[in-house]
Amino acid sequence: MDLIEKVQNAVVSAGNSYSEDRLIAYENALKLEKELDNENAVWALEQMIENFKVAKENKLPLCDDTGIPHVLIEIGKNREIPKNFFNDINEGIAQGLDKFPGRPMAVKGNDIERIEQSQGLYNESNMMKPASFLIEQKDESTCGRIIGVDDDKIKVTVLLEGGGPEIRAKTYRVFHKRDSNIVFSEALDWLKESLAMLGCTPSIPAIGVGRTHFEANALILRAMAHGNLNNQSEIEKYITEELNKTNIGPLGLGGKTTVLGSFVNIGSQRASGVRIVATRPACFVEPRVSSFEF
């Protein structure tokens, strides 16, 4: 199987399937809401679980908003990048969006026309171009505990990002006063506000703490790509507990399952009075992610 086909399959898999830790989290949430006799929450979670099963069995999108492709790449230290590597990834994404199928969302026109959406949309799913690729390496971020690729391999991860969570995401500087509680208190306040408006909870929110706005958001992408609900740090557990106290619940209908877990990624820091913090309140089908090595 060539690289184009592998990427194509990853796009389809990311959009119509879910990881084992996600399924376990949903089943545990359903059990909890049944024990608490939260009828609305039970109904919502049952529909979500059924949606996942139907999407996987029939290879259909998990959500009508099929997302913007993001690509993360890890390169083993003894591996060379093959010829046409990036072109093949772009072609694989285009073919994957056609096969998926992705919702036609790409906007026509020049710079101003695309902003104003005055020329309409392309009819073809494959016109939704991926965001810039992110080349990963092991570093001080918490993803360092789970990131890694064999020395002679390249790992490609496809992540599909929906529009609703992007609208309600936030990146800003926090005056931390050398107190991590201030950093996470700010992030929690932002997430509580955004989750109340999201509508498609339960979420797996992501938080990135870095030195620049770009870095903070790159840390979020890495957290969503590599995070695991069965392997939650103490910080992630704390964020989850605090957000579930809001009782927003599934689909905003009330209940103890506002979030299934959280992915927190703390990168390198610089001597400064501020920390750049990014938060993203993922919807109930996210993260939509698939990886392969070659």
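The values are calculated or read from the model by the stated rules, or taken from the named source; none is laboratory data. The structure displayed is predicted, hence computed values, not measured ones. Backbone-built Cβ (ideal geometry, glycine too); neighbour counts: all protein chains shown. Accessible surface is based on the protein model in full, side chains and every heavy atom, while ligands, DNA and RNA are left aside. Shrake-Rupley method; radii C 1.70, N 1.55, O 1.52, S 1.80 Å.
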Study note, to complete from the structure: Ser272 passes all but one of the listed conditions (1) at pLDDT 95 or above; (2) closer than 19 Å to Val174 by Cβ; the exception is number (1)
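Residue under question is Thr246, and the condition is that it be polar (S, T, N, Q), under 16 Å from Leu45 (Cβ atoms) and in a loop (DSSP other than H, G, I, E, B); does it hold? Walk me through how you get there before you give the answer.
Working: polar (S, T, N, Q): yes; under 16 Å from Leu45 (Cβ atoms): no; in a loop (DSSP other than H, G, I, E, B): yes.
Criteria not met by Thr246.
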Revision key, fill the gap. Every listed condition ((1) closer than 23 Å to Glu241 by Cα; (2) in contact (Cβ under 8 Å) with a residue 24 or more places away in the chain; (3) part of a helix (DSSP H, G or I)) holds for Asn126 save (1)
Practice item. Please go through segment 31-50 and pick out each residue that is part of a helix (DSSP H, G or I), under 17 Å from Gly252 (Cβ atoms) and open to solvent by less than 50 Å² (accessible area, probe 1.4 Å). Key: Glu33, Ala41, Val42, Ala44, Leu45, Met48
Check your understanding: Which one of the conditions (1) at pLDDT below 95; (2) in contact with a helix residue (DSSP H, G or I) (Cβ under 9 Å, 6 or more places away or on another chain); (3) not β-branched (Val, Ile, Thr) does Ser125 fail to meet, given that it meets all the rest?
Key -> (1)
Practice item. Scan (1) assigned to a loop (DSSP other than H, G, I, E, B); (2) within 18 Å of Cys63 (Cβ to Cβ) for the single condition Lys138 breaks and write down its number. Key: (2)
Check your understanding: Hey, does segment 7-29 have a residue that's among the charged types (D, E, K, R) and part of a loop (DSSP other than H, G, I, E, B)?
Key -> no
Review point. Would you pick out the residues in segment 259-292 that are in contact with a helix residue (DSSP H, G or I) (Cβ under 9 Å, 6 or more places away or on another chain) and farther than 23 Å from Gly199 by Cβ?
Key: Val264, Asn265, Ile266, Gly267, Ser268, Arg275, Ile276, Val277, Ser290, Ser291, Phe292
Review point. Which number in (1) under 17 Å from the mean Cα position of the chain (by Cα); (2) surrounded by fewer than 24 Cβ atoms within 10 Å (Cβ to Cβ); (3) among the charged types (D, E, K, R) marks the one condition that Arg222 misses?
Key: (2)
